[in-house]
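Inspection log for the structure reproduced underneath, given as structure tokens.
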Amino acid sequence: MILDNIIEEIQNAEDIVLLTHETPDGDAIGSSLALYGALKQIGKKVDVIIPECPSLFNFLPWHDQIKDVGKEEKYSLAIALDCSDIKRLNGFANYFEGAKTKIVIDHHGSNTMFGDYNFVNPASSACCQILVTLLEYLDVSINKEIGTCIATGIITDTGGFKYSTVKSETFEFVAELLNNGINISDIYRKVLQISSKKQFELRKIAINRMEFLESGKIAFTYITSQEQENLECGTGDHEGIVEIGRDVENVEVSIFLREQNDGSYKVSFRSNEYVNVSDICLMFGGGGHQNAAGCTVNLPLEQAKEKLIAQTKLYLK
Ligand code: 5GP
Ligand code: MN
């Protein structure tokens, strides 16, 4: 069984590097830090590498252990978490490719299975939820610190327990965390409710120019790199904008473009009911889940908009 192989590889590894996807979210960071804490608990030598971790996650245990560069020599084991595609490891793919053994732990249906061992469960609401099973196998006790990281991933990736990816199992895991003294409401408030002033200002800009197309079934908006610069925005400050459009009555697909420093656009897609936005994003070299996906488009704004909308129209009823 694949879990047995993974446990064996972890037990035999001399040193381990944990990697996750670019522009990391709560599940990427939560699963990386939860596994970091767990591997430390069983006496492993571990590096956790996360590029540009948003400061909102500074309350998490071990966040001060996060590195933005690894060691030069090869690691004996690399584990990629919450990452569907080796391209999304961005500048860190070399640590993955260079390692003697490579493991992928993920919950994206579009995962390309780029490891030697791929523990991928698209039915899982978050990568953090998959870790619960792995940690049981590893005989690691889910203490308050590890539990806080796991709860963070589950809360953020389920939008606060409201997506259809939530199963009774999700609540069972979270009930267990609550029983172990993890403060779910405090984590919820920190990761989903509080917004910084900059975030608020950025949302105002995006809301003001939001358009409703195709009889209101598509919501579309964007922010430029100049606007992000003016507000001195950091990673993660755009989080939540794409959901604003999705939550308007009759909208099926919400599209949000964020201009990056090189002029390309990072695109976020969200859908409500029937459109599989992961399929749309695959057409642009991206991917994700049925109701939340993304891609990068290297075109001027108007052309990018036209192409994205034309493709989306094909999926509307
Ligand atoms: P977000 O819009 O929050 O950046 O991403 C939504 C979901 O789509 C996440 O699960 C994320 O991992 C996935 N995703 C976003 N951008 C890309 C991309 O460029 N490629 C792939 N494969 N998945 C993406
Ligand atoms: Mn995730």
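Descriptive notes on the structure:
- Remark on Val48: its backbone amide H falls under 5 Å from those of Leu18, Lys67, a criterion applied only to residues 5 or more positions apart or on other chains, H modelled at 1.01 Å from N.
- Between the C-alpha center of region 253-308 and that of region 1-67 there is a gap of 28 Å.
- Label-point separation, Ser196 to Glu232 (7 Å along Cα→Cβ), nm: 0.9
- Seen against the Cα atoms of the chain and their longest principal axis, helix 26-41 is set at about 10 degrees.
- Candidate lysines for bridging to Lys100, where Cα separation is under 27 Å - those fewer than 8 sequence places away on the same chain excluded: Lys40, Lys44, Lys45, Lys67, Lys71, Lys74, Lys87
- Rounded to whole Hz, the Karplus (6.51, -1.76, 1.60) HN-Hα couplings of region 274-291, x for glycine and proline: 9, 7, 8, 6, 5, 4, 5, 5, 4, 5, 10, x, x, x, x, 10, 3, 10
- Here each label is just a point 7 Å from Cα along the line to Cβ, and for Ser76 and Leu3 those points are 2.4 nm apart.
- The 3J(HN,Hα) values that the Karplus relation (6.51, -1.76, 1.60; θ = phi - 60°) gives for region 42-56 are, in residue order, 9, x, 8, 8, 9, 10, 10, 10, 9, x, 6, 6, x, 5, 4 Hz. Gly and Pro appear as x.
- Three-way shape label, region 2-192, alpha-carbon gyration tensor, a/c 1.5: rounded
- Measuring r between the beta carbons of Ser225 and Asn12 and using R0 = 41 Å, the FRET efficiency lands at 0.35.
- Residues Asp139, Asp47, sorted so that the one with the fewest Cβ neighbours within 10 Å comes first: Asp139, Asp47
- Order of Ile7, Ile255, Ile49, Ile194 - criterion: other Cβ atoms within 10 Å of each residue's Cβ, fewest first: Ile194, Ile7, Ile49, Ile255
- In terms of other Cβ atoms within 10 Å, Ser278, Ser195, Ser141 run from fewest to most in the order Ser141, Ser195, Ser278.
- For Tyr222, residues with placed amide H under 5 Å, excluding near neighbours: Leu257
- Part-to-part distance (alpha-carbon centres) for region 152-189 and region 75-99, which is given in Å: 27
- Radius of gyration, Dmax [region 197-313; alpha carbons; angstrom]: 13.1, 37
- Antiparallel bridge percentage (DSSP; both residues within region 197-313; nearest 5): 75
- For region 80-93, Karplus couplings with θ = phi - 60° (6.51, -1.76, 1.60), whole Hz, Gly/Pro x: 9, 10, 6, 10, 7, 8, 4, 4, 7, 6, 6, x, 10, 4
- Annotated for region 197-313: lysine pairs at least 8 residues apart or interchain, Cα distance under 17 Å, count 6.
- Taking amide H atoms as placed 1.01 Å from N in the peptide plane, the amide H of Val166 has no partner under 5 Å among residues 5 or more positions away or on other chains.
Read the figures in this text as sums done on the coordinates, not as results from a lab. As the structure is a prediction and not an experimental result, all values here were calculated from the model. Heads up, the Cβs are rebuilt from the backbone with ideal geometry, glycines too, and the neighbour counts pull from every protein chain shown.
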